[in-house]
Structures are given as C-alpha cells and as structure tokens.
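Chemist: I'd like to ask some things about the structure below.
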Amino acid sequence: MSGRATGDADAVSAGRRRTVTVALSPPYDVVVGPGLLGEVATRVAEATVAVVSDDAVWALHGRRLAERLEAGGKRVAAVTFPPGEASKDLATLGRVLRALASAGLGRDGAVLALGGGVVGDLGGLAAATYLRGVALYQLPTSLLAMVDAAIGGKTGIDLPEGKNLVGAFWQPRAVLADVQTLATLSPRELRQGTAEVVKTGLIGDPGLVDEAERLLVPAAAGEGAAAVPPDELAEVVARAAAVKARVVAADPHEAGVRAHLNLGHTLAHALEAASGLALGHGDAVLYGLVYAAALGRARGLTDQVERLAGIVERLRPDPLPDLPFEALVPYMRRDKKARAGRLRFVLLAEPGRPVVVDDVGEDELRSAWRALEELVR
Ligand code: GLY
C-alpha cells in the first residue's frame with residue numbers, strides 16, 4: 001500500500017510501505033515505512049489496546065500515538081517504565097502485568113510494544129503471559145529492534161543470574177516499523193543497529209552490507225538517520241527484516257539455522273558479560289564480527305577481516321574492553337550454542353553462507369583475539 005497526501009500531516013509524511021511476511025502459522029507482516037505510526041489505529045484490529053513503552057519513547061512518540069489511537073476509536077491504556085536494560089526485570093514485568101489487569105484489558109485486547117529491544121522483550125513477555133496470552137503488536141523505534149529484536153517472537157526478561165533467563169516465544173500479529181522514529185536516535189544507538197544490519201547482510205544478503213556501508217555507517221558515524229532519505233532507510237530496514245524473517249520461518253524455536261543470527265555473538269556476549277554490560281550490544285557485535293572473521297580466515301574460509309575492521313574504524317564503537325583473553329574464555333564456554341562442553345561458532349564459508357563449526361581449539365581462539373586486538377586497538 002502506498003501513502004497518499006490527503007491534507008492530514010501524518011498522511012503527507014507517509015511514504016511507500018514495504019511488507020515482509022514472516023511465513024509462520026499464522027503468518028504475520030513486518031511493515032516498514034516512514035509515518036507508519038500514523039496508521040496503527042487502522043492496522044490493529046483489536047478495539048482495546050495497552051501501549052507498553054519506556055518513559056523516553058513515550059514522550060517522543062507514545063503520547064501522540066495514544067491520541068491517534070483514541071481518535072481512531074480505540075480504548076487505550078498506557079504503561080511506561082524507565083528506559084534501559086535495568087527495567088527488563090521481574091519487578092517491572094509485575095508492574096506491567098498489574099497495569100494491564102487494572103486497565104481491564106481482556107482476551108480481545110492487544111498489547112502494543114512501542115520502543116527498542118527492552119520494551120519489545122518485556123512488553124512481548126507481558127503479552128505472552130497476561131491471561132495466558134493476548135495479541136501483541138511490535139512497534140519498534142530503534143534500528144536494532146526493527147531489524148532484529150521485534151521480529152521472530154523472542155520475548156524475555158533478565159534475572160540477577162543472567163540475561164534473558166526468563167521468556168517465551170510469542171509471535172506478534174504484526175511488526176510496524178516507522179523509520180521516521182529513527183531520526184530521534186543518537187549516533188550511538190544507530191551504531192548498535194548498524195552492527196546488526198551488517199551481521200544480517202553477512203549471513204543472508206551480501207549486498208545489504210554494501211548498503212549498510214553506504215547509508216547507515218555515515219549516519220551512525222555522526223550524520224544521523226535524518227540525513228538518509230526515508231525511502232532508502234526503509235529499503236535497508238526491509239531488506240534486513242527479510243533475512244531475519246526467512247531465518248525465523250525456517251527455525252522458529254532456535255533448533256537449527258536460527259543460530260546463524262548469532263554470527264559474531266559468541267565473543268560479543270562474552271565481552272558484554274566480562275565488561276559488566278558497559279559495552280553496547282552492537283559495539284560488542286562489531287568486535288565479535290571481526291573476531292569471527294579472523295577465526296574463519298585462519299581456517300582458509302572467506303577473508304572478511306579487513307573489510308569489517310574498516311567498518312569498525314569508521315563507526316568508532318566504544319573501545320574494546322581491556323581484558324585478558326583468559327577472562328573471556330569462561331564466558332564463551334557459557335554460550336548457549338555450546339554443546340557437551342564444546343564451543344560452537346558461526347563462521348562464514350563466504351558472504352551469505354554461514355556455517356557452524358564445533359572444533360575450534362583454544363589456540364585458534366587466542367590467535368583470533370590477538371588479531372582483533374591488533375586491528376582495533
Ligand atoms: N536475535 C536473535 C534471534 O532472534 O534469534
């Protein structure tokens with residue numbers, strides 16, 4: 001469907017819509033385009049909705065969305081919490097669930113998760129568990145959520161014992177990604193999503209890496225998303241969403257190929273955990289991608305090291321934590337892909353063709369760490 005200027009400010013800003021279908025049962029659409037938040041009232045079937053958001057996103061986009069929903073004839077409740085990973089906890093989940101109950105949301109109602117990854121994960125888990133499950137719509141407002149977290153039904157919260165230890169697979173009815181919301185992201189936030197777009201291109205659409213370099217890297221390096229023509233931004237987001245949708249449809253419960261989405265994430269999770277979550281997830285993934293590329297190059301697989309190191313140099317992520325290799329190994333061994341004590345890594349046979357290997361020795365791990373340190377320090 002394409003937007004038409006009708007004199008309404010929201011409609012004027014609406015551009016072309018791109019739709020990617022996640023072929024699960026039932027299937028659902030990821031719709032991408034500028035100005036999409038102005039269409040939520042018509043794209044959500046349920047008459048009663050609860051907007052779940054964080055305080056920052058609520059102030060930027062939530063209040064206006066709620067007004068539009070009400071103008072569209074919906075009964076609207078709202079529940080918000082402070083932004084940041086610290087809100088992905090049992091106490092906040094409890095508050096959200098109680099707010100849904102006191103708003104009287106019924107089985108015929110819907111949760112609208114408006115925000116980045118934290119909101120999508122927490123709001124998604126609330127939708128999965130409230131009344132044993134109500135309809136969920138993901139309304140991602142960060143690049144990372146648009147291309148990754150909002151698609152595929154992973155919901156969850158953290159425990160003091162670890163990240164994402166409680167959760168459920170709960171697929172949304174739709175993902176509505178309004179790329180206009182990206183204009184309010186800081187370069188740092190854009191960089192976190194750019195890392196996931198690069199990863200997504202590497203595993204499933206090599207041309208997307210070129211597009212990420214052309215459009216997203218300059219935006220994340222300082223120009224901001226507002227400098228990218230909205231239609232081109234939507235195209236990049238939709239291309240990344242298409243790869244994610246394909247992988248999720250092939251393996252909704254992460255029994256096989258969904259692990260490919262973990263390219264670069266074995267080291268990334270170890271860096272995040274060992275540095276006490278000081279490093280942004282995307283920044284950690286950038287280092288993890290170079291690391292996986294170094295492991296692959298040493299095995300005679302495709303050599304993407306220089307290219308990825310060049311992207312890292314342009315993006316200027318937070319510094320690689322000053323940790324000895326030995327501090328990272330225990331965290332890598334705790335990786336969810338490990339089986340029977342053996343580390344499993346996603347590597348690239350060539351761009352667009354990931355492989356999972358389970359015979360990486362400690363010497364290889366150490367050499368790749370040295371290579372990474374030499375390249376990025
Ligand atoms: N973010 C990885 C996944 O959805 O499987």
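The values are calculated or read from the model by the stated rules, or taken from the named source; none is laboratory data. Note that the structure is a prediction, hence the values are computed from the model and not measured. Neighbour counts run over all protein chains shown; Cβ positions are idealised from the backbone, glycine included.
Chemist: State whether one or more residues within the stretch 164-179 are within 16 Å of the ligand (Cβ to nearest atom), among the hydrophobic types (A, V, I, L, M, F, W, C), buried (at least 24 other Cβ atoms within 10 Å of the Cβ) and modelled with pLDDT of 95 or more.
Modeler: Within the stretch 164-179, one or more residues are within 16 Å of the ligand (Cβ to nearest atom), among the hydrophobic types (A, V, I, L, M, F, W, C), buried (at least 24 other Cβ atoms within 10 Å of the Cβ) and modelled with pLDDT of 95 or more.
Chemist: Inside the stretch 225-237, can you point out the residues that are away from the ligand (no atom under 16 Å from the Cβ) and buried (at least 23 other Cβ atoms within 10 Å of the Cβ)?
Modeler: Hits for the stretch 225-237 are Ala225, Leu233, Ala234, Val236.
Chemist: If you don't mind, another one. Could you tell me how many of the residues in the stretch 95-118 are part of a helix (DSSP H, G or I) and surrounded by fewer than 12 Cβ atoms within 10 Å (Cβ to Cβ)?
Modeler: 2
Chemist: How many residues does the stretch 239-267 contain that are near the ligand (Cβ under 10 Å from one of its atoms), more than 26 Å from Tyr287 (Cβ to Cβ) and crowded, with 22+ Cβ neighbours inside 10 Å?
Modeler: Of the residues in the stretch 239-267, 0 are near the ligand (Cβ under 10 Å from one of its atoms), more than 26 Å from Tyr287 (Cβ to Cβ) and crowded, with 22+ Cβ neighbours inside 10 Å.
Chemist: Still on this model: List the strands (runs of 3 or more DSSP E) that sit entirely inside the stretch 10-78 and contain at least 1 residues that are within 20 Å of the chain's Cα centre (by Cα) and more than 22 Å from Ala126 (Cα to Cα).
Modeler: It comes to 18-22, 28-33.
Chemist: Next question, about the same structure. Between Glu196, Glu161, Glu189, which is away from the ligand (no atom under 16 Å from the Cβ) and under 15 Å from Gly280 (Cα atoms)?
Modeler: Checking each option against the conditions leaves just Glu189.
Chemist: Still on this structure, please answer the following. Could you please find all residues in the stretch 148-163 being closer than 19 Å to Val40 by Cα and surrounded by fewer than 16 Cβ atoms within 10 Å (Cβ to Cβ)?
Modeler: Residues satisfying the conditions do not exist here.
Chemist: So which pairs qualify, if the first residue must be in the stretch 149-171 and over 27 Å from Asp29 (Cβ atoms), the second must be within 11 Å of the ligand (Cβ to nearest atom) and among the polar types (S, T, N, Q), the Cβ gap must be under 9 Å, and the two must be at least 6 apart or on different chains?
Modeler: As it stands, the answer is Asp158/Asn164, since those pairs meet every condition given.
A quick yes/no check of all residues on (1) modelled with pLDDT under 95; (2) crowded, with 16+ Cβ neighbours inside 10 Å; (3) under 25 Å from Ala221 (Cβ atoms):
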residue	(1), (2), (3)
Leu277	yes, no, yes
Tyr287	no, yes, yes
Ala292	no, yes, yes
Glu306	no, no, yes
Val312	no, yes, yes
Arg316	no, no, yes
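Chemist: Scan the stretch 127-138 and give yes if some residue there is under 16 Å from Ala174 (Cα atoms) and polar (S, T, N, Q), otherwise no.
Modeler: Checking the stretch 127-138: at least one residue is under 16 Å from Ala174 (Cα atoms) and polar (S, T, N, Q).
Chemist: Going through Ala183, Ala220 one at a time, which residue ends up being buried (at least 20 other Cβ atoms within 10 Å of the Cβ) and either more than 23 Å from Ala113 (Cβ to Cβ) or under 18 Å from the mean Cα position of the chain (by Cα) (or both)?
Modeler: The unique qualifying residue is Ala220.
Chemist: Restricting to the stretch 48-65, name every residue that is touching a helix residue (DSSP H, G or I) at 6+ places or on another chain (Cβ under 9 Å) and either aromatic (Phe, Trp, Tyr) or over 25 Å from Glu85 (Cβ atoms) (or both).
Modeler: Result: Val49, Trp58, Arg64.
Chemist: Being farther than 18 Å from Thr181 by Cα and in contact (Cβ under 8 Å) with a residue 12 or more places away in the chain is the filter here, so list the residues in the stretch 53-79 that pass it.
Modeler: Result: Ala71, Gly72, Gly73, Lys74, Arg75, Val76, Ala77, Ala78, Val79.
Chemist: Restricting the search to the stretch 269-299, which residues are within 17 Å of the chain's Cα centre (by Cα) and over 16 Å from Leu202 (Cα atoms)?
Modeler: His269, Glu272, Leu277, Leu279, Gly280, His281, Asp283, Ala284
Chemist: Just the residues that are β-branched (Val, Ile, Thr) and either within 15 Å of the ligand (Cβ to nearest atom) or over 13 Å from the mean Cα position of the chain (by Cα) (or both), please, taken from the stretch 120-155.
Modeler: If the condition is that a residue be β-branched (Val, Ile, Thr) and either within 15 Å of the ligand (Cβ to nearest atom) or over 13 Å from the mean Cα position of the chain (by Cα) (or both), then Thr129, Val134, Val147, Ile151, Thr155 are the ones that fit.
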